[in-house]
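Notes follow once the structure below has been shown.
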Amino acid sequence: MRRLACLAAIITVAGSAAATAGSALPVGAATAASAATGAAARATAAPGTPAASTQTAGHTLSVSSQLSLRRYAAAGDRAYELGTEDGRYPAMGFHTRGEMGGIWTPPVKLLDGIWFGVNGQWIGPATTFTSGFGYVRMTLPTPGSATGGVQLSRTDFAPDGRRAVEIGLTLTAGSRAANVSLNVDAHSELMSAYPWGFTTPDQTTFNLPDQASFNGQQLVFTETGTPPAANALPHSWAAIVGATGLTPASHATGTDFRGPQDPAVICPVGSQPDMFRCDDTAYGKGAGGELTYPVSVPAGTSRTVWFTVAGSDQGLSDAQAQFQAASADPAAELAAKIAARQQANGQTQVSLPGDPALAQAATWSKQDLADLTQQADNLHIRDTEEGTLYPAPLATVPSIRFEAAGFPDYPWMFATDQEYTVFALLAAGQFATAEDGMRSLAQVSIIANHDSGKVAHETVTDGSVYFGLNDEPGDIDETAKFPDAVAMIWRWTGDNAFRDEMYAFVKKNMQYMIGLTSGDDDLWPDGSANVESSVLGADAVDAAVYTIRGLYDLADMAASKGDAATRQWADSHAEAMVRQFSGAWWMPGIPQFADSLNDPSNSQNMQRWWTGVTPMEAQLYPDGVLQPGLVPPSEATPALKLREMSCYSGTYGMYVEGGPGCDPGTYTGHTQQAYTLNTGVMAVGLGNYGLLGPGDQQRYTDDLATLQLGSVAEQPGAMPEIGPSPDFKANISGPFNERSSLDQAWGTYGVLWPIVNQQLGVTPLLGDGLLEVLPNVPSGQSSVAGTNIRVGAGSVDVAATRHGSSYTTTVTVRLSCTLHVGATLPASAQVHLVTLNGNPVTYTVRDTNAGRQVLVSAPCGGGQTWKVHIVAG
């Protein structure tokens, strides 16, 4: 796990703002009515921050307080921008300290920042910041005489498929025409994503000086040469900055040109003491430039001037081509971007009348996933041994496409992050990103680990594999989780070709995991897993749990392919582990599952790590049938209820490591930090045992919604890496170079999966041609619904109601399959009557950890609607 921090803030949410391809962009949106229920209504401030309130409605989220301390991301799949919400670009990030912000097109950084002025006066700082679907907007200060009386706003976005960021500066004239001088400053920092500031080599030697020039229309920045490090390759990088349809009246280049951030405060390198805020770093060797344009705005009208920042790691000519393509019609690019994001929003539309904040979090989680979909090309795969070596490349990979972990310090490919986020991608209908991510992860892992079956942990966008190699014992859980990610994609899509493409690697994953048990006195694979701590024993609980799950997944896929030998091998190992699991790991006197076991005694350690929830969180498929949770309710329920206590969970979620005082355990250590992943795992674990209501799953999903909707984090709509916690300060109070991620994908697992899979009960098994829809309406609520939930090549609509002991599920399926439709009832429910479309029908009862499932079978396809009504007692 990685270190992080968080904050509290005041956020507003405004109605939908659709940009057009005309001369003016979307301007300020009105604040809507306050939501009276859910997470928004109970939002509280983190220690040392202002009291928070949230207002909700529509497709934008706005904030107007402490903008200079809040970071934001505006992202496309080939480029992204990171700054502060007042329109400035402080140095930020810690991998190469202070250099992780600005404008990037992976695997290279282009600019430290870009700044605008009118009539010699720098614009800003912004007064309101707004997150939209695929763009961000800043409202700039009220005009004065120095700005010619024009009102200003700014819209930033990164068009998908372009290695560029676009910035639209909208000038609105009052009753008089305005003729102004508009100038733009840009400061380059052409720098590779790897090496970092603390690796060998590091960026003090690897980074070469930039050169600035003017080509008659645009600023041109280049860095060409070979870094003075063994095995470094020659490179030619370039960035281009200019406006669409305007010719500069003047230009200048030099060493500065950071707008209002000149003269720059410089952050030190390496282990030297950090600063709270600075403008550049001692790693930097960039150049600067300025362009000035005359601009006229007729009275009573608005005019948008578009600026494009484009670049490439493939030479100046490619950078020029990228600039020409992106700058040809930025307004049309913005319209296309918003349309694509609206299309993503149109999938998995949910209605949760009893939990509207969670429904809105689902809306923004889909946008989060799209923001963090990234692509990098021309990767040189190197095994860096945790940054201690820089060997010659093993091979090159033409392209990878994946769900990045987070901004600003984890915008590359992590195994754990993708393997958890796959569940959210499937629930959101973003199938291509899920498949591409697993393909990319397998491709790099096979090269870096010489086809051993081990999954590489962390791959930077230049191809450097930082951790997760054969000779590095950690993160073995990622290898165990890979088969499940593949199997879940196959079940949701019915894509047998994808299953077949991944099958050989999946087999090697599980052979690798079983190999880690050989020569041992137990069945459990040896090696550290997600928690990287020296206090843990040789066997980690999450590695054990996910190995069992992965074996069942392999057996399921093997059965579908007619591979009887592999099915028997995987099933036999899984069943042996299941028989011994509770005896080895359950600690009834606590009551919890051990975090780890010591070798060779197999004595139990219980240090309250979040991974102790994975026996409840994992969903398994023995014989191809969903089993929610590995362990029986008699163990799961007391373990989960203990985790809800204050030693284990706080205002914003479950802690990575709970503290003493709530159980008889003797361990006194604690790391009470509410990672959004931990909170999501807890939410899913509760859902697997039918504990969906207030105080149970709803508590944790609403924790995530509170963080994401902006009452306590930096960018409204972005899921942060962690919530404010006893052992972590709020992000807003920390130095820009020492913060956690402002946007982290893995927290969306705890929003989308509980809604779609557990509350709406959508469980595709399309590899076998089956779709099950068995909703479980949370206690305290009367209805849940979802439309256009993508399954295979079609979609399903679900509406479920619960009134006392009466349950109704209505399903419309646009897919050819066999349908099992019904509802999930309390475990003790007795079924009296089941009807299908008003007629009594034969039904099946299936008891699970989540409750008593009552289902009937029906054909699906052609958009037919089926209504099941159940009367129980």
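Thinking of the range 781-831 as a set of Cα atoms, what percent of all their pairs are more than 13 Å apart?
Tail of P(r) above 13 Å: 63 percent of Cα pairs.
Given R₀ = 25 Å, what would the calculated FRET efficiency be for Ala432 paired with Gln349, taking r from the Cβ atoms and rounding to 0.05?
Approximately 0.80, to the nearest 0.05.
What share of all Cα pairs of the range 227-278, in percent, falls into each consecutive 10 Å distance bin?
Reading the bins upward from 0: 14, 25, 34, 23, 4.
More than 19 Å apart: what percent of Cα pairs in the range 758-873 qualify?
Cα-Cα pairs of the range 758-873 separated by over 19 Å account for 38 percent.
Would you mind computing the Rg to Rh ratio of the range 474-554 from its alpha-carbon coordinates, Kirkwood style for Rh?
That ratio is 1.03, to two decimals.
In nm, what is the difference between 0.36 nm times the number of residues separating Lys641 and Ala177 and their Cα-Cα distance?
160.4 nm
Counting alpha carbon pairs within less than 8 Å and at least 6 residues apart, what relative contact order, in whole percent, applies to the range 195-269?
It rounds to 22 percent for the range 195-269.
So what does Asp495 come to for accessible area, using a 1.4 Å probe and Å² rounded to 10?
Counting only protein heavy atoms, the figure is 40 Å².
Which one, Gly612, Thr247, Ser560, projects farthest toward the positive side of the charge dipole computed for the chain from Cβ point charges (K/R +1, D/E -1)?
Result: Thr247.
Using the alpha-carbon atoms, what tilt in degrees (0 to 90, nearest 10) does helix 330-346 show relative to the longest principal axis of the chain?
10 degrees
Over the range 128-254, what is the relative contact order in percent, taking alpha-carbon pairs closer than 8 angstrom and at least six residues apart?
That works out to 13 percent.
Please report the Cα spread of the range 520-571 along all three principal axes, rounded to whole Å, starting with the longest.
Here the spans come out as 44, 22, 10 Å, largest first.
Expressed in nm to one decimal, what extension gain is obtained for the pair Ser783 and Ala497 from 0.36 nm per residue of sequence separation less their Cα-Cα distance?
99.2 nm
In the range 682-812, if every C-alpha pair distance is counted and binned at 5 Å from zero, what percent goes to each bin?
P(r) over the range 682-812, rounded to whole percents: 2, 10, 17, 17, 17, 14, 10, 7, 5, 2, 1, 0.
Residue farthest toward the positive end of the dipole of the range 249-375, with Cβ of Lys/Arg at +1 and Asp/Glu at -1: which of Ala310, Val295, Ala332?
Among Ala310, Val295, Ala332, the one farthest towards the positive end of the dipole of the range 249-375 is Ala332.
If you roll a 1.4 Å probe over the chain with all protein chains in place, what percent of the accessible area is carbon or sulfur?
The value for the chain is 53 percent carbon and sulfur by accessible area.
For the range 845-873 and the range 375-451, what is the separation of their Cα centres, given in Å?
A separation of 39 Å, based on Cα centres.
Tabulate in residue order the Karplus-calculated ³J(HN,Hα) for the range 128-137, using 6.51 cos²θ - 1.76 cosθ + 1.60 with θ = phi - 60°, rounded to whole Hz; enter x for Gly and Pro.
Values, residue by residue: 9, 10, 10, 8, x, 6, x, 8, 10, 9 Hz.
Output wanted: per-residue J couplings in Hz (rounded whole) for the range 380-393, from phi through Karplus 6.51 cos²θ - 1.76 cosθ + 1.60, θ = phi - 60°, x for Gly and Pro.
Each residue's phi maps through the Karplus curve to give 9, 7, 10, 8, 8, 6, 6, x, 8, 10, 9, x, 5, x Hz.
Counting only heavy atoms of the protein chains, get the accessible area per residue of the chain (1.4 Å probe) and round it to a whole Å² value.
29 Å²
So what are the ³J(HN,Hα) numbers for the range 726-738, from phi and the Karplus equation (6.51, -1.76, 1.60; θ = phi - 60°), rounded to whole Hz, Gly and Pro as x?
Computed from phi, the couplings for the range 726-738 are x, 9, 8, 6, 5, 3, 4, 8, x, x, 4, 8, 10 Hz.
Just grab the label-to-label distance for Val535 and Ala229, each label 7 Å out from Cα along the Cβ direction, in nm (one decimal).
3.5 nm
Evaluate the Kirkwood expression for the hydrodynamic radius of the range 378-456, namely the inverse of the mean inverse distance over all pairs of different C-alpha atoms, and round to one decimal in Å.
About 13.4 Å, per the Kirkwood formula over Cα pairs.
Taking the convex hull of the alpha carbon atoms in the range 297-365, what volume per residue do you get, in Å³?
That works out to 161 Å³ per residue.
Could you compute how fast the range 112-170 diffuses translationally, taking Rh as the Kirkwood radius over C-alpha pairs and applying Stokes-Einstein at 20 °C with viscosity 1.002 mPa s? Give it in µm² per second.
Rounded to a whole number, D works out at 171 µm²/s.
Across 5 Å bins from the origin, how do the percents of Cα pairs in the range 179-280 run, short distances first?
2, 10, 17, 18, 18, 15, 10, 5, 3, 1, 0
State the number of lysine pairs found in the chain whose Cα atoms come within less than 30 Å, restricting to pairs 8 or more positions apart or on distinct chains.
Number of lysine pairs found: 19.
Angle, helix 633-643 long axis vs. longest principal axis of the chain, Cα atoms, 0 to 90°, nearest 10?
30 degrees
When only C-alpha pairs under 8 Å and at least 6 residues apart count, what is the relative contact order of the range 264-394, in percent?
That works out to 10 percent.
Just report the Cα centroid separation between the range 527-545 and the range 727-748, whole Å.
Taking the Cα centre of the range 727-748 as reference, the centre of the range 527-545 is 25 Å away.
FRET efficiency for Ala299 and Gln568, Cβ-Cβ distance as r, R0 = 60 Å, nearest 0.05?
Approximately 0.15, to the nearest 0.05.
With angles folded into 0 to 90 degrees, how steeply does helix 697-708 sit against the dominant principal axis of the chain? Use alpha carbons for both and round to 10.
Once rounded, one gets 10 degrees.
From the gyration tensor of the Cα coordinates in the range 476-517, what semi-axes in whole Å does the equivalent ellipsoid have, largest first, with each one equal to sqrt(5λ)?
In descending order, the three semi-axes are 21, 10, 5 Å.
If I model a spin label as a point 7 Å beyond the Cα along the Cα-Cβ vector, how far apart are those points for Ile266 and Val841 in nm?
According to this spin-label approximation, the distance is 7.4 nm.
Taking each pair of different alpha-carbon atoms in the range 535-626 once, compute 1/r for the pair, average those values, and report the inverse of that mean as the Kirkwood hydrodynamic radius in Å to one decimal.
Roughly 13.9 Å, rounded to one decimal.
Restricting to DSSP H runs of at least four residues, report the calculated mean residue ellipticity at 222 nm for the chain, -39500 (n - 2.57) per run over all residues, nearest 500 deg cm²/dmol.
Calculated from helices alone, the mean residue ellipticity at 222 nm is -7500 deg cm²/dmol.
Measure off 7 Å from each Cα along the Cα-to-Cβ vector at Ala321 and Asn598, then give the distance between these two points in nanometres to one decimal.
6.2 nm
Going by Cα centres, the range 246-270 and the range 178-193 are how many Å apart?
Using only Cα atoms, the two centres lie 8 Å from each other.
Treating only the Cα positions of the range 236-356 as identical point scatterers, give the base-10 log of I(q)/I(0) from the Debye formula at each q in 0.13, 0.15, 0.21 Å⁻¹.
The computed values of log10 I(q)/I(0) come out as -0.85, -0.98, -1.24.
Provide the FRET efficiency to the nearest 0.05 for the Asp329-Thr247 pair, computing r from the beta carbons and using R0 = 25 Å.
Computed FRET efficiency for Asp329 and Thr247: 0.90.
I'd like the projected area of the range 120-254, averaged over all directions, using the convex hull of its alpha carbons. Report it in nm² with one decimal.
Convex hull of Cα atoms, orientation-averaged projection: 11.3 nm².
Strictly greater than 15 Å: what percent of every Cα pair in the range 668-741 meets that?
The share of Cα pairs beyond 15 Å in the range 668-741 comes to 58 percent.
The values are calculated or read from the model by the stated rules, or taken from the named source; none is laboratory data. As the structure is a computational prediction, the values presented were derived from the model and not from experiment. All Cβ positions, even for glycine, are placed from backbone atoms using ideal geometry, and neighbour counts span all protein chains on display. Accessible surface areas use protein heavy atoms only, side chains included; no ligands, DNA or RNA. Shrake-Rupley method; radii C 1.70, N 1.55, O 1.52, S 1.80 Å.
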